[in-house]
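Q: The structure follows.
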Amino acid sequence: AALVDAFEEIASGQGWQVMHVLSHREPDIERQRVRALLRYDLGGLILIPGRAPEATFDMLAQASTPVVVVDRPTRTHDFDQVTFDNRAAMREATGRLLALGHRRLLFVVRARHLIITRQRIQGMREAIRAFGGGAVAEVMECREEEELSMRLAEALSLPSRPSAVIVSNSAFAAGALRAIRRAGLAYPRDLSLLAFDEP
C-alpha cells in the first residue's frame, strides 16, 4: 500500500496516470493481467512479482514496454530493479533482539526459496555468528496464516520456546498474535514480535 501511494504521488506530479491490477500472488492471474495491460499503449510497467513470476518475466522480456521490477528481484532477466537491503535489515533487527537479551529466535516465513527470504535468513545468521555462542535462530515455513497460527502456538507451548518471533509480512503478524494468545502468552510481556512490511 505504501508503494502504491508513492507511485501515485510521483506519477501524478509529472502528469502520468497509474493503472493498478492485482494478482493476489497467483501466477496465472498475474500473467493474464500483465498480458491485458500490454494491449494498451503503456509508457512503462512497474511489477511487484508474485510467488512464481517466471512466465510473466518471459512475456515481458519479449515486449517493448519498459519494465521496472520492485521488491522481489530477478536474476534471470535484465530488467531495471529496485529492491531493499533485506540482508542488512535482518542483520540489524537480529542484532537488536540479541542486545535486548533474546537467545532463542524464530523467523516465520511463507516461502523459504524466495530471494528476499534467503537474504533475510543470511542476515539473521550473520548476526548470530557475530554475536558468538549462546544464541539460536530457527526458520519455520508456513504457507497460510491458519497453518502459522497452529504451528506457532505449538512452538510457543514448548519449554524451549522462542523468546522473540520475527514474521516475514504483516499478514503473518496477525496470525502470530493469534498464536501468542492461543498459547496463553502476552505480547510484549512474554515474548517480542518483530514484523516486516507494514505491521
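Coordinate-derived values only; no laboratory data. Keep in mind it's a predicted model, so treat the numbers as computed, not measured. Note that we place each Cβ from the backbone using ideal geometry, even for glycine, and neighbour counts take in every protein chain shown.
Q: Using amide H atoms built 1.01 Å from N in the peptide plane, name the residues 5+ places from Ala164, or on other chains, whose amide H lies under 5 Å from its own.
A: The list, which skips near neighbours in sequence, is Arg104, Leu106, Ser192.
Q: Right, next: Checking a compactness column here: for region 62-199, what do you get for Rg(Cα) / (2.2 N^0.38 Å), N being the number of residues?
A: Values: Rg = 16.4 Å, N = 138, 2.2 N^0.38 = 14.3 Å.
Output field value: 1.15.
Q: Right, something else. For region 94-170, treating each Cα as an identical point scatterer without solvent, what Debye log10 I(q)/I(0) comes out at q = 0.20 1/Å?
A: -0.89
Q: Rounded to the nearest Å, what's the spacing between the alpha carbon centres of region 145-174 and region 40-90? Just the number, please.
A: A separation of 31 Å, based on Cα centres.
Q: Can I ask one more? First measure r as the distance between the Cβ atoms of Ala2 and Thr65, then evaluate 1/(1 + (r/R0)^6) with R0 = 35 Å and state the FRET efficiency to the nearest 0.05.
A: According to the calculation, E is roughly 0.90.
Q: With loop defined by DSSP as not H, G, I, E or B, and exposure as at most 16 other Cβ atoms within 10 Å, which is the longest segment of the chain clear of exposed trypsin sites (Lys or Arg not before Pro)?
A: 144-188
Q: How much mean residue ellipticity at 222 nm does the chain get from its helices, if each DSSP H run of length 4 or more adds -39500 (n - 2.57) and you divide by all residues, to the nearest 500 deg cm²/dmol? Could the numbers behind the result be given before it?
A: Details: 7 runs with 89 residues, N = 199.
After summing the helix terms and dividing by residue count, I get -14000 deg cm²/dmol.
Q: Just need log10 I(q)/I(0) for region 1-48 at q = 0.21 Å⁻¹, Debye formula, equal scatterers on the alpha-carbon atoms, no solvent, rounded to two decimals.
A: -0.80
Q: Let me ask something else. Report, in order of residue number, the helices in the chain meeting two criteria: a C-alpha extent of 20 Å or more along the helix axis, and a mean Kyte-Doolittle hydropathy of at least 0.5; treat each whole DSSP H run as one helix.
A: none
Q: Could I ask something else about it? Which translational diffusion coefficient, to the nearest whole µm²/s, is obtained for region 28-71 from the Stokes-Einstein equation, given a Kirkwood hydrodynamic radius over C-alpha pairs, 25 °C and 0.890 mPa s? The partial results should precede the final answer.
A: Details: Rh = 10.5 Å.
It diffuses with D of about 233 µm²/s by this estimate.
Q: Suppose every K and R has +1 on its Cβ and every D and E has -1 on its Cβ; what is the size of the dipole of region 44-190 about the Cα centre, in Debye to the nearest 20?
A: 700
Q: Specify which residue in the list Leu3, Ala130, Thr74 is farthest towards the positive end of the charge dipole of the chain, using unit charges on the beta carbon of Lys, Arg (+1) and Asp, Glu (-1), about the Cα centre.
A: In the chain, that residue is Ala130.
Q: In addition: Rounded to two decimals, what ratio of Rg to Rh does region 17-129 give with C-alpha atoms and a Kirkwood Rh?
A: Using only Cα positions, Rg/Rh for region 17-129 is 1.09.
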